[in-house]
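Working notes for the structure below.
Computed from the coordinates by the stated procedures, all read-outs in this text should not be read as laboratory data. From a predicted model like this one, the values you see are computed outputs, not experimental measurements. Heads up, the Cβs are rebuilt from the backbone with ideal geometry, glycines too, and the neighbour counts pull from every protein chain shown.
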Amino acid sequence: MAIERRGPDQQRGSRECRTTKGTAYTVRHTPKTIVVAGGDVSQILVNGADVGLTAGAFKLGVGETIAITYNTSAPTTLVLAE
């Protein structure tokens, strides 16, 4: 899953993102909160470990990774800067 920035959300420091399955997103520069909702998510990995959820909010530090696998419909993903 690659996270692609699409534009600022109304809340300061957040971005709505589009996911592309198959690639891990690595947090750079500052800690982030990644919010995953909707879509046809089958697995979420944080630092390579299955979190056992298909939606939720995940606080990640610099250097940590998240990968989202989905089947047909991509989830909505928000990246919130800490």
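Observations on the model:
- Descending by average beta-carbon neighbour count within 10 Å, the peptides 64-73, 47-56 line up as 64-73, 47-56, the highest first.
- Inter-probe distance in nm under a simple model that places probes 7 Å from Cα toward Cβ, at A81 and R28: 1.4
- Extension reserve of the A55-D40 stretch, reckoned as 0.36 nm per residue once the Cα distance is removed: 4.4 nm
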